[in-house]
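These notes are about the structure you will find just below.
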Amino acid sequence: LDSNRLEGDPDLQFLLKGGDLLKVLSPSWKKTRYFRLQEDCKTMWRESKKTFKKNDTFSLDDISAVQMGRQSEGLKKNTEEQVEDRCFFIIFKSRRKNLDLIASSEEEAKQWVKSMQKVVSNLNNLSQKQKTEHWILSCLRKADKNKDDNLSPSEVKSFLHLINIEVDDEYMEMLFKKCDKSKSGTLTGEEIKHFYDLLTQRDEIDVIYGEYAKTTGFMSAQNLVDFLMKEQREKATLADAHRIIEMYEPDENAKEKKLLSKDGFLMYLNHPDAMILNPDHKDVYQDMSQPLNHYFISSSHNTYLMEDQLKGPSSTEAYIRALQKGCRCVELDCWDGPDNEPVIYHGYTLTSKILFKDVIKAISEHAFKTSQYPVILSLENHCSVEQQEVMARHMSSILGSALITSPLSDGMPTNFPSPEELKGKFLIKGKRLNKLEDTFAEAAADDNDVTEEEESNDEDAQKEKTKELSDMVIYFKSVHFNSFEDAQKNLSFYEMASFKEGKAIKLAEESANAYVRHNVEKFSRIYPAGSRTDSSNYNPVPLWNAGCQIVALNFQTPCTDMDVNQGRFLVNGKSGYVLKPAFMRDVATEFDPITLTRGDWLKHKTLHVMVISAQQLPKVSQKKSSIVDPLVKVEVYGVPADVAEKETKPFDNNGTSRSRPLFYFNVSAMNQDNIKFSNFQFDVYVPELALVRFSIEDYDSISDNDFVGQYTLPFNSLKMGYRHVPLFNKNGNLLPSAGLFVHIMVMDAE
């Protein structure tokens, strides 16, 4: 942890000391467990009372939020209201269940929450250099078996294994002797630092820095401008260079002379704003005043499910996690429940049931923490008339004025409002008893009395009973799809169809331009095939290519399809809304992603990627002897003509590169054009729809490769030049210190 920031901090000391907390699993299972922060200031330790079970730990990096109260599903179900002030819970980024806890007093609960929030926030704000140092330090502590702050030769070898480096005994002995200046047979203090410096040597940075450090071994401001303009393809001035030196140069003497050292240069390259994602695209940068249907919208299928579609648990946690990931369209399958309370579950299966009102409360509380833009509640309504009324009351009372229950304009709308106009609002997608136009026609008529004949008509009476819920459906009325011609002729703009993935893909392949035009004026929602009982996913890209806005995926399932979804919505402030290209917002568009007839969408580019190095790759196998043999893939997703995949050769036991243990690829020849294994070229014809995915696998010649990490981003958000690529784990969470180092060039094709 950043010792300068928190050393001696009372909150940190409180966690390091630890204390007893009541862990809650059920109404009858509440056990006292001792919790404390380990010396690495990153790992939480919890004792276990089970004879054969090791004491449990979890990383603070895996914590999404720490919250006071008993709002979690488990605490509401398993505790009484009188302990509300003593309760708190931890939400994890991974699929791990919430940790529900009770402190001995309200003051103690607040202390735990405040302390953990501070330390987690501090971890999240560490620079890349600090994260790398923190990772190395934690591995050093783990390797120091006898906790004497010295490393013996066997502990050094254990340390190398922990950081994914395999070396032979001869090299190990040479490295150890080189660092053991005191000849004590162990490494301590400065000797360990020397050992660390050898391990973190970045030869490829030396090569690049050496090309531009033309001022007494340093980079001057002008040298830095030359690097930024020539290599990074950035418009840079001396003022920009001075700002970079001021921000990143750690040596005060060099900073005073307006010089950038190699350490300062590396700190700059490791800063998020200098990485592969265009920093201008991190915040909301697109026009958010277009009609809602002109955007791709991050969408979830059967959001309530934590696992499979047949027998797994339903939970409000699943909604919270989806919303935290920027999801803006969630699904609620509603069925009659006991005590006149509707429930949500996957009907006619063994999935567990949760209360509709608890889901609405969870959505209300977490909807706008990641994004302020509107959330669509997609209702799959199987409830009786009576419980539909309960649903309407719950949504009205819990969501209040944030729920859209009438058009934003006074008269009958002719188009969708914009995400900007709908900030902080909820919209209902579902069945409606009549056309929205009929409501305005009725309001204009003088005859508002209900006749005796109407009262006696059972069907009309039922409709009256469901009117409260029906009237909440304004901009997303669910209807059946017959054909594009029928939709154009008979459907209003707000009437939308849902398509099973198979039918949608067929339409996208056989009637691509018609589908694109349909989605210029109306909405389409796509959902996974019913055969995907394991909650697997489908590739969303062909549906985005057809202009479909709501392409719903199973958010609970880590997979390439979810990686691509995360990449699509990585930009624009992670708002969950991405503006479709102009050629997909024109009612007369001729764009066809299959045939690619000529038009404004054809902007043929050539993408050059050179894979240079990788740092701090985590071990994916728990075997002590297992070392990652990295294989790097670069893929392009987009229209069929753009889809491509290329990969490097696997690098066996990468740690054996003795002079560069964290560096896998050929540095000395990095500027040569004849390195085929790490130089890739791609043709991209429709860059506005393309995505680029970098992934690393642990190569295995006998079985399937193991996934290590990946990063996906829109093609038009790539930065050129020498760039670090951060990596996400299989759950879509950032690997704190791991990364790729690449060179990117995008050129107009001849």
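Just report the Cα centroid separation between the stretch 63-101 and the stretch 188-234, whole Å.
Here the answer is 47 Å between Cα centres.
Would you give the gap between the C-alpha center of the stretch 365-405 and the C-alpha center of the stretch 494-532, rounded to a whole Å?
So the two Cα centres are separated by 25 Å.
When ligands, DNA and RNA are left out and all protein chains stay put, how many square angstrom of accessible area per residue does the chain have with a 1.4 Å probe?
Here the per-residue accessible area is 45 Å².
Show me the trypsin sites (Lys or Arg not before Pro) within the stretch 553-627 that DSSP assigns to loop and that have at most 16 other Cβ atoms within 10 Å of their Cβ.
Here the sparse-neighbourhood loop sites are ARG598, LYS603, LYS623, LYS624.
Once you keep just the Cα pairs under 8 angstrom separated by 6 or more residues, what percentage relative contact order results for the stretch 203-274?
28 percent
Positive end of the dipole of the chain, charges at C-beta (+1 Lys, Arg; -1 Asp, Glu), about the Cα centre: which of TYR319, THR351, LEU224 has its Cα farthest in that direction?
Going by the charge dipole, the pick is LEU224.
Under a Cβ-only charge scheme (Lys and Arg +1, Asp and Glu -1), can you give me the dipole magnitude of the chain about the Cα centre, in debye to the nearest 20?
Values: 94 positive and 114 negative charges, 546 e Å.
Rounded to the nearest 20 debye, it is 2620 debye.
Let me check I've understood the local charge: for TYR722, count other residues with C-beta under 9 angstrom from its C-beta, Lys and Arg +1, Asp and Glu -1. What total comes out? Show your work: numbers first, answer last.
Working: positive: ARG723; negative: GLU204, GLU231.
Once all neighbours under 9 Å are counted, the net charge is -1.
When the dipole is taken about the Cα centre of the stretch 10-125, and only Lys, Arg (+1) and Asp, Glu (-1) are charged at their Cβ, what size is it in debye, to the nearest 20?
The dipole of the stretch 10-125 has a size of about 580 debye.
Just read off the accessible area of GLU307 with the full protein assembly in place, 1.4 Å probe, to the nearest 10 Å².
GLU307 exposes around 90 Å² with every protein chain in place.
In whole angstrom, note down how far apart the Cα centers of the stretch 298-362 and the stretch 576-607 are.
Centre-to-centre (Cα) distance: 36 Å.
Within a Cβ distance under 13 Å of LEU491, other residues only, what is the Lys/Arg minus Asp/Glu net charge?
Here the charged neighbours net out to 0.
Each label point is 7 Å from the Cα along the Cα-to-Cβ direction; what then is the distance between the points at ASP149 and VAL207, in nm?
4.0 nm
How far apart, in nm, are the 7 Å Cα→Cβ label points at GLU173 and ASP85?
6.8 nm
Which one, TYR304, ILE244, MET288, is farthest towards the positive end of the dipole of the stretch 224-310 when Lys and Arg carry +1 and Asp and Glu -1 on their Cβ?
Positive-end residue among those listed: ILE244.
So what is the relative contact order of the chain, in percent, for Cα pairs below 8 Å that sit 6 or more residues apart?
12 percent
Tell me what the chain gives for mean residue ellipticity at 222 nm when only DSSP H runs of n ≥ 4 count, each as -39,500 (n - 2.57), the sum divided by the residue total, rounded to 500 deg cm²/dmol.
About -9000 deg cm²/dmol.
Of the listed values (i) 75; (ii) 37; (iii) 54, identify the label whose number matches percent of Cα pairs over 42 Å apart calculated from this model.
(ii)
Using the charge dipole of the stretch 292-584 (Lys, Arg: +1 at Cβ; Asp, Glu: -1 at Cβ; taken about the Cα centre), state which of GLY502, SER536, LEU399 has its Cα farthest towards the positive end.
So the residue furthest toward the plus end is SER536.
Do any GluC sites (Glu not before Pro) in the stretch 18-100 lie in a DSSP loop with no more than 16 other beta carbon atoms within 10 Å, and if so, which? Before the final figure, lay out the partial values.
Working: sites: GLU39, GLU47, GLU73, GLU80, GLU81, GLU84; in loops: GLU39, GLU47, GLU80.
Answer by residue number: GLU39, GLU47, GLU80.
Grab the Cα-Cα distance for GLU365 and LYS110, subtract it from 0.36 nm times how many residues apart they are, and report the gain in nm with one decimal.
Answer, rounded to one decimal: 89.8 nm.
In a shell of Cβ-Cβ distance under 15 Å around LYS500, excluding LYS500 itself, what net charge do Lys and Arg (+1) and Asp and Glu (-1) give?
Numbers: positive: LYS503, LYS506, ARG525, ARG532; negative: GLU331, GLU380, GLU501, GLU509.
Residues close to LYS500 contribute a combined charge of 0.
The values are calculated or read from the model by the stated rules, or taken from the named source; none is laboratory data. Fair warning: this is a prediction, and the values are worked out from it, not measured in the lab. So basically every Cβ, Gly included, is an ideal-geometry build from the backbone, and we count neighbours across all protein chains shown. We work out accessible area using only protein heavy atoms, side chains counted, and drop any ligands, DNA or RNA first. Shrake-Rupley method; radii C 1.70, N 1.55, O 1.52, S 1.80 Å.
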